[in-house]
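Asks: Have a look at this one.
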Amino acid sequence: MRPSQKMRDLGVVQHGAGILAEPARAFTLPDERVEAERITDELFAAMERIGQVHPFAKGMGIAAPQIGIGRTAAVVQPPGDAPAIILLNPRITDRSDELDEQYEGCLSFFDVRGLVPRPLKITVETTSLTGETVTTVYERGLARLIHHEIDHLDGLLYTARMCTGVEPIPVEEYRQTGSAWAYEQ
């Protein structure tokens, strides 16, 4: 079974679905707190299902549009034992000029990996469930994971960030690269 079919069977919306190309709708918090909590719970449940069939040594993330919900919520699980990061209404407010180009994967088209340049450091504003704005700086691998999920909420797939003329490679070919900094979201 192809990796993308496995993800589809686990409830992940696949490439070509309109919801993946549309900007998600922001939450009005704290008014929509119950809705935000419900969607966050669904994201955690999806991540749990996916994690049972595929290990993610470098961390993983999932955005609400990937489970068919057009709202600005995403969850990122950093590598190791770090707590999960919940992103509600995330917005990148600053980014470093210094870029790093690494392979990324996406649960919505899991048969390929693509070489994607991203800033090494980003500043992200999110909204807490109580309606407060929270600003956090993320660096390196975590910045890449967070940026990838925010792109999903903006209706972008990582292929939109790849350099001109660079195409995704089949996952089988990617595994042969031995790339140490590959991120599979």
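Asks: Given the residues Pro23, Pro55, Pro79, which is the only one that is over 20 Å from Leu153 (Cβ atoms), in contact with a helix residue (DSSP H, G or I) (Cβ under 8 Å, 6 or more places away or on another chain) and in a loop (DSSP other than H, G, I, E, B)? Quick ask: steps written out before the conclusion?
Replies: Details: Pro23 fails: over 20 Å from Leu153 (Cβ atoms); Pro55 fails: in contact with a helix residue (DSSP H, G or I) (Cβ under 8 Å, 6 or more places away or on another chain).
None of the others qualify; the one that does is Pro79.
Asks: Search segment 96-117 for residues being of a type in the set (A, V, I, L, M, F, W, C) and assigned to a strand (DSSP E or B), and hand back the single one that is nearest to Gly155 (Cα to Cα).
Replies: So, considering only residues that are of a type in the set (A, V, I, L, M, F, W, C) and assigned to a strand (DSSP E or B), the one nearest to Gly155 (Cα to Cα) is Val116.
Asks: While we're looking at this one, here's another question. If only one of Thr159, Thr130 is on the phi < 0 side of the Ramachandran plot, open to solvent by 50 Å² or more (accessible area, probe 1.4 Å), part of a loop (DSSP other than H, G, I, E, B) and out of contact with any Lys or Arg (no Cβ under 7 Å at 6 or more places or on another chain), which one is it?
Replies: Values: Thr159 fails: part of a loop (DSSP other than H, G, I, E, B).
Every option except Thr130 fails the conditions.
Asks: Here's a follow-up. Is segment 78-92 home to any residue that is open to solvent by less than 50 Å² (accessible area, probe 1.4 Å), within 26 Å of Lys6 (Cα to Cα) and among the acidic types (Asp, Glu)?
Replies: no
Asks: Within segment 116-125, can you find the residues that are surrounded by fewer than 21 Cβ atoms within 10 Å (Cβ to Cβ) and either touching a Ser or Thr at 6+ places or on another chain (Cβ under 7 Å) or modelled with pLDDT under 95 (or both)? First the steps, then the outcome.
Replies: If we filter segment 116-125 for residues that are surrounded by fewer than 21 Cβ atoms within 10 Å (Cβ to Cβ), which is where we start, we get 117, 119-121, 123, 125.
Those that are surrounded by fewer than 21 Cβ atoms within 10 Å (Cβ to Cβ) and either touching a Ser or Thr at 6+ places or on another chain (Cβ under 7 Å) or modelled with pLDDT under 95 (or both): Pro119, Leu120, Lys121, Thr123, Glu125.
Asks: For segment 65-83, name all the residues that are touching a residue at least 40 places away in the same chain (Cβ under 8 Å) and small (Gly, Ala, Ser).
Replies: Gly68, Gly70, Ala73, Ala74
Asks: Scan segment 35-64 and report the pairs whose first residue is at pLDDT below 90 and whose second residue is open to solvent by less than 40 Å² (accessible area, probe 1.4 Å) and of a type in the set (Asp, Glu), with Cβ atoms within less than 8 Å and a gap of 6+ or a chain change.
Replies: His54/Glu184; Phe56/Glu184; Lys58/Glu184
Asks: Related question: Is one or more of the residues making up segment 41-63 open to solvent by 40 Å² or more (accessible area, probe 1.4 Å) and aromatic (Phe, Trp, Tyr)?
Replies: yes
Asks: Right, next: Does segment 141-152 contain at least one residue that is open to solvent by 40 Å² or more (accessible area, probe 1.4 Å) and outside any loop (DSSP other than H, G, I, E, B)?
Replies: yes
Asks: Any residue at all in segment 13-22 that is of a type in the set (A, V, I, L, M, F, W, C), over 18 Å from Ile146 (Cα atoms) and over 16 Å from the mean Cα position of the chain (by Cα)?
Replies: Scanning segment 13-22, I find at least one residue that is of a type in the set (A, V, I, L, M, F, W, C), over 18 Å from Ile146 (Cα atoms) and over 16 Å from the mean Cα position of the chain (by Cα), so the answer is yes.
Asks: To continue, here is another question. Of all residues in segment 79-105, count the ones that are of a type outside the set (Gly, Ala, Ser) and more than 23 Å from Met162 (Cα to Cα).
Replies: 8
The values are calculated or read from the model by the stated rules, or taken from the named source; none is laboratory data. Since this is a predicted model, take the numbers as computed values, not measurements. Quick reminder, even Gly has a Cβ in these numbers, built from the backbone with ideal geometry, and neighbours come from all protein chains shown. SASA here: full protein model, heavy atoms, side chains in, ligands and nucleic acids out. Shrake-Rupley method; radii C 1.70, N 1.55, O 1.52, S 1.80 Å.
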